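A.B. asks: Okay, handing you the structure first.
The values are calculated or read from the model by the stated rules, or taken from the named source; none is laboratory data. In this text, all values refer to a predicted model and were calculated from it rather than measured experimentally. All Cβ positions, glycine included, derive from the backbone under ideal geometry; neighbour counts span all protein chains shown.
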Amino acid sequence: MRATLDAPYRDTRADALSFALGLEPLDALAVLPVRRGGIDVEMRLLGASHQVFAGPVSETVACLPGRAGPLPGRMRTQVDGWAYDFGAQVHTHGTDAAFTAAVRHLCAALADRDDALVGTFPGSPHAVTALALDGDPHAGTLGWRTWHAYPQTRQIVVTRTLLEVAL
């Protein structure tokens, strides 16, 4: 699902993103509910970030007051008996053209998926936040990937989360 977000793009930075588990739902600009392998997943685009609710997990990657960035490169924990594995990387593109091409490629790759949510901010077509499901719940895993694109620094933050589902 593609959503043009009705909010001004905030000039945030990749290193200002923070990570939290267990937060309640924050105000969302777009929401995509998906059911995968008997598990309800809700992907939410926030003003400069995302939230995902899946099974017992509430994951938030956002510029949150009182929480400092940057994101952890890798974090593993247990959430109500489910193994949770999170990873984040920042990709910096050397030129505006390379950054623009990467964002266009991402948007094209997710365009026809019913399990992906892509949000663009008015005034900056390459200020994109995107989420897409990953993993195979029938094999005991469920996951998602996210992308946060920052045109002003030509950076794309990529996260990948994998849950090993408790059966």
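A.B. asks: Taking only the stretch 54-108 into account, find how many residues are loosely packed, with under 15 Cβ neighbours inside 10 Å and among the β-branched types (Val, Ile, Thr).
C.D. replies: Counting residues in the stretch 54-108 that are loosely packed, with under 15 Cβ neighbours inside 10 Å and among the β-branched types (Val, Ile, Thr) gives 3.
A.B. asks: I've got another one for you. Name the residues in the stretch 138-164 that are farther than 23 Å from residue 18 by Cβ and crowded, with 20+ Cβ neighbours inside 10 Å, would you? Even if it seems obvious, please write down each step before you answer.
C.D. replies: At the first step, the residues of the stretch 138-164 found to be farther than 23 Å from residue 18 by Cβ are 138-142, 164.
142, the sole residue that qualifies.
A.B. asks: Name the residue, out of 146, 153, 120, 159, that is more than 18 Å from the chain's Cα centre (by Cα) and either among the hydroxyl-bearing types (Ser, Thr, Tyr) or assigned to a strand (DSSP E or B) (or both).
C.D. replies: One residue alone meets the criteria, 153.
A.B. asks: Can you tell which of 109, 88, 16 is under 16 Å from residue 127 (Cα atoms) and of a type in the set (A, V, I, L, M)?
C.D. replies: Details: 109 fails: under 16 Å from residue 127 (Cα atoms); 88 fails: under 16 Å from residue 127 (Cα atoms).
Exactly one of 109, 88, 16 is under 16 Å from residue 127 (Cα atoms) and of a type in the set (A, V, I, L, M), namely 16.
A.B. asks: Right, something else. Which residues, taken from the stretch 33-89, are touching a Ser or Thr at 6+ places or on another chain (Cβ under 9 Å), of a type in the set (Phe, Trp, Tyr) and either under 22 Å from residue 128 (Cα atoms) or outside any strand (DSSP E or B) (or both)?
C.D. replies: Residue satisfying the conditions is 86 alone.
A.B. asks: Select from the stretch 80-117 the residues that are out of contact with any strand residue (DSSP E or B) (no Cβ under 7 Å at 6 or more places or on another chain) and among the charged types (D, E, K, R) and write down the one among them that is farthest from residue 139 (Cα to Cα).
C.D. replies: By that ranking, first place goes to 96.
A.B. asks: Please state which one of 117, 23 is surrounded by 12 or more Cβ atoms within 10 Å (Cβ to Cβ), out of contact with any helix residue (DSSP H, G or I) (no Cβ under 8 Å at 6 or more places or on another chain) and in contact (Cβ under 8 Å) with a residue 60 or more places away in the chain.
C.D. replies: On the way: 23 fails: in contact (Cβ under 8 Å) with a residue 60 or more places away in the chain.
Within the list 117, 23, the selection yields 117.
A.B. asks: For the stretch 2-19, check the following and say yes or no: at least one residue is among the aliphatic types (A, V, I, L, M), at pLDDT 85 or above, part of a strand (DSSP E or B) and surrounded by fewer than 19 Cβ atoms within 10 Å (Cβ to Cβ).
C.D. replies: No, because not a single residue in the stretch 2-19 is among the aliphatic types (A, V, I, L, M), at pLDDT 85 or above, part of a strand (DSSP E or B) and surrounded by fewer than 19 Cβ atoms within 10 Å (Cβ to Cβ).
A.B. asks: Please enumerate the residues belonging to the stretch 29-38 that are over 13 Å from the mean Cα position of the chain (by Cα) and either exposed (fewer than 14 other Cβ atoms within 10 Å of the Cβ) or hydrophobic (A, V, I, L, M, F, W, C) (or both).
C.D. replies: First, the residues of the stretch 29-38 that are over 13 Å from the mean Cα position of the chain (by Cα): 29, 33-38.
Residues satisfying the conditions are 29, 33, 34, 35, 38.
A.B. asks: Still on this structure: Quick check on this structure: which one of 160, 154 is of a type in the set (Lys, Arg), modelled with pLDDT of 90 or more and within 24 Å of residue 78 (Cα to Cα)? Before you say what the answer is, go through the steps one by one.
C.D. replies: Working: 154 fails: within 24 Å of residue 78 (Cα to Cα).
Answer to the selection: 160.
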